[in-house]
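Peer 1: For reference, the structure I am asking about is given below.
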Amino acid sequence: MYLDFNEIKDGRQFEELTALHLEEKFNNHIKDIEIRKSGVGADGGRDILVDFKVTDGIQSFNRKWIVQCKFRNINISTNVINDVNIPSLIHSYGASGYLIICRKRPTSKLSNFIEQLNLNCKFGYKYQIWSGEQFKRSLLTSTNHTFMQFFPNYYKYLTREDK
């Protein structure tokens, strides 16, 4: 048995899963985290804004990541983000980076685009893509509450007595 995104009903639920997972993930390592979802409607390339503090033991630093969720049942290409000027979006939010989380996989064109943004960014912004498989691997560290809420079949498998 494995995590199956077919248990997720729609893109809104995928965003809820992503927000909860990021909160759980950061809460294990970082304090003072705020997760803000964009709400219903056109989001201009931002589904979730993650704002948190990190410290090096001397000083605390604020960091922000803009997260875009793509729950389409196809590999994600640049055409689904063409209307977003990602560096300008990062700048407008005072963010450090941009993360795209896909249900499936990014195409090589999108991967190359993100790679070029990382190589050529004069402002030090960071750009990442998580394929569906990468996201699933990260989700394996989630709590049983997350599995129960978003992956009920997987949760039943995990908690069954006859394992």
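Nothing in this text is a laboratory measurement; each read-out follows from the coordinates by a stated rule. Please read these numbers as outputs of a predicted model, since none were measured by experiment. With ideal geometry, Cβ positions are generated from the backbone for all residues, glycine too; neighbour counts draw on all protein chains shown.
Peer 1: Using each residue's phi in segment 145-151, evaluate 6.51 cos²θ - 1.76 cosθ + 1.60 at θ = phi - 60° and report the 3J(HN,Hα) Karplus result to the nearest Hz, with x for Gly and Pro.
Peer 2: Calculated HN-Hα couplings, in order: 4, 5, 5, 4, 6, 10, 10 Hz.
Peer 1: I'd like to know which of GLN149, ILE66, PHE123 lies farthest towards the positive end of the charge dipole of the chain, counting +1 on Cβ of Lys and Arg and -1 on Cβ of Asp and Glu.
Peer 2: Towards the positive end, the residue furthest out is PHE123.
Peer 1: Among all the lysines, which ones have a C-alpha under 30 Å from LYS136's C-alpha, if same-chain residues fewer than 8 places away are not counted?
Peer 2: LYS9, LYS25, LYS31, LYS37, LYS53, LYS64, LYS70, LYS104, LYS109, LYS126, LYS156, LYS163
Peer 1: I would also like to ask the following. Per 0.36 nm of contour for each residue apart, how much would the distance between SER60 and MET148 grow if the chain were fully extended, relative to their Cα-Cα spacing?
Peer 2: Roughly 28.2 nm would be gained on extension.
Peer 1: Might you report the magnitude of the Cβ-based charge dipole of segment 5-153 about its Cα centre, with Lys and Arg at +1 and Asp and Glu at -1, to the nearest 20 debye?
Peer 2: Charge dipole, segment 5-153, about its Cα centre: 300 debye, nearest 20.
Peer 1: Quick one: if you stick a label point 7 Å off each Cα along the C-beta vector at ASP10 and GLU34, how many nm between them?
Peer 2: 2.9 nm
Peer 1: While we're looking at this one, here's another question. Just add up the charged neighbours of PRO106: K/R +1, D/E -1, any other residue whose Cβ is under 12 Å from the Cβ of PRO106.
Peer 2: Its environment carries a net charge of +4.
Peer 1: Rounded, prolate or oblate: which one fits segment 5-153, using the alpha carbon gyration tensor with axes a ≥ b ≥ c (rounded when a/c is under 1.5, else prolate when a/b beats b/c, else oblate)?
Peer 2: In terms of gyration-tensor shape, oblate.
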